[in-house]
1. If we keep just the residues of the stretch 93-143 that are at positive phi and not in a strand (DSSP E or B), which is surrounded by the most Cβ atoms within 10 Å (Cβ to Cβ)?
2. Out of the residues in the stretch 83-92 that are hydrophobic (A, V, I, L, M, F, W, C) and surrounded by fewer than 20 Cβ atoms within 10 Å (Cβ to Cβ), state the one that is nearest to Thr38 (Cα to Cα).
3. Would you point out the residue of the stretch 103-143, among those that are among the small types (Gly, Ala, Ser) and over 21 Å from Thr36 (Cβ atoms), that is modelled with the lowest pLDDT?
4. May I ask you to list the residues in the stretch 56-95 that are more than 14 Å from the chain's Cα centre (by Cα), closer than 18 Å to Asp133 by Cβ and free of Cβ contacts under 8 Å to residues at least 40 places away in the same chain?
5. Within the stretch 8-29, identify whether any single residue is touching a Lys or Arg at 6+ places or on another chain (Cβ under 9 Å) and at pLDDT 75 or above, and answer yes or no.
6. Exactly one condition in (1) surrounded by fewer than 14 Cβ atoms within 10 Å (Cβ to Cβ); (2) acidic (Asp, Glu); (3) at pLDDT 90 or above is not met by Asp80; state its number.
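The values are calculated or read from the model by the stated rules, or taken from the named source; none is laboratory data. Quantities reported herein were computed from a predicted structural model and do not represent experimental measurements. Here the Cβ is made from the backbone with ideal geometry for all residues, glycine too, and neighbour counts use every protein chain on show.
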Amino acid sequence: MKSLTLRLAGSVIALAVIAPSGAQTFSAMANNATQTNTNGIRYAAGGVGLDARAEMQGLAASHNLLLMFAESSGEFLIPDSVSVRKGGVDVLNVSDTGPLLYVNLPNGSYTVSASYKGVVRSKAINVAGRTPDVVLTWPGQLN
């Protein structure tokens, strides 16, 4: 998993200088500004292109969790939906966001789920200050 995280981190840099291709277009990420949902959870999505990457890096310090979404090959993708649940209750739901999603969550235990082309990936996480990055992956060539 560590090598996938390192490969994905390298992909962030590569995506900043090349045009995206593959899983889904990144036009849905035009607005990378930090947003706040009705539960008071701050989040920011984006990360493709030099401007978006710089903006996301600038927002990293004010968020304690980074979620990354990719194919198992390491190519980034934009999930159809992402949810963060605490104690069975949704605290954040966003659509067509990523491939990087910064979130600022209160300390506690959560389940992160994301759906891409009908395939759901989930992971239990524990937030305690700055939390290690979470990578959710899907097999390539989903139809």
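1. Taking the stretch 93-143 and keeping what is at positive phi, we get 96, 98, 108, 117-118, 129, 141.
Of the ones still in play, those that are also not in a strand (DSSP E or B) are 96, 98, 117-118, 129, 141.
Details: Asp96: 14, Gly98: 26, Lys117: 12, Gly118: 8, Gly129: 6, Gln141: 9.
Checking each candidate, the answer is Gly98.
2. Here is the first cut: in the stretch 83-92, the residues hydrophobic (A, V, I, L, M, F, W, C) are 84, 89, 91-92.
Retained after the next criterion (residues that are surrounded by fewer than 20 Cβ atoms within 10 Å (Cβ to Cβ)): 89, 91.
Working: Val89: 13, Val91: 9 Å.
Among those residues, the one meeting the criterion is Val91.
3. By that ranking, first place goes to Gly140.
4. Step one: list which residues in the stretch 56-95 are more than 14 Å from the chain's Cα centre (by Cα), which gives 58, 61-62, 72-73, 85-91.
Retained after the next criterion (residues that are closer than 18 Å to Asp133 by Cβ): 58, 61-62, 72.
Within the stretch 56-95, Gly58, Ala61 qualify.
5. Scanning the stretch 8-29 turns up no residue that is touching a Lys or Arg at 6+ places or on another chain (Cβ under 9 Å) and at pLDDT 75 or above.
6. Answer for Asp80: the failing condition is (1).
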